[in-house]
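Structure first, commentary second.
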Amino acid sequence: MPTGYRIRAPPYITESVLLHINWTRSRVDPSQVCRLKLLPLSNTLEYAGTRFAFLHCPLAADALDRDFAFLDADVVFIGHIHMPFEHAGQRLIHDPGSVGTGSNSSTRFSVLTLGDGTYRNDRYEIGYDKTPVFDALVRRDVPEREAIVRIFLGG
């Protein structure tokens, strides 16, 4: 594993999480590292007078309005918890979930439809066979795969 991709764990990251992070980083082609560093941490869009922000971050459920106060947005889409989530406070904060994770044999996702000065967020749930995911975790020898299956796939 290239040493340039290893990180030291902050106090809140467990050894098993660090093992998985370092395993993932060891699979990133070094030629892609600079490209990945150029990706924005957040993105914004204004459509028909409604301001949207998109970012990946963990949630602190008791401080959502405070944590996102810096964003100049009416609607904030976040990703992190892999489960659909919505909070209507100072702004609408929405996590659409993630395709392919969940505790049952379905996957949940959202579709945002923008109209003339309006928007609609529809949630969907469809059947999903997780067998290929389980097989890939074993085939790729992903560390801590049992925890990944338990936490993200409900297995």
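We did not get these values from a lab; they are worked out from the coordinates using the rules stated. None of the values given here were measured: they were computed from a predicted structure. Virtual Cβ from ideal backbone geometry, glycine too; neighbours counted across all protein chains shown.
General observations
- Rounded FRET efficiency, nearest 0.05, which uses the C-beta distance separating Glu125 from Glu146 and R0 of 30 Å: 0.70
- The fraction of all Cα pairs in the chain landing in successive 10 Å bins from 0 to the largest distance is 9, 28, 35, 23, 5, 0, given as whole percents.
- In this label model, Arg139 and Ala48 are separated by 4.3 nm, measuring between points 7 Å along each Cα→Cβ vector.
- Here the gap between Cys34 and Leu114, fully extended at 0.36 nm per residue and compared with their Cα-Cα distance, gives a gain of 25.5 nm.
- Counting only DSSP beta bridges with both residues in the chain, the antiparallel share comes to about 70 percent.
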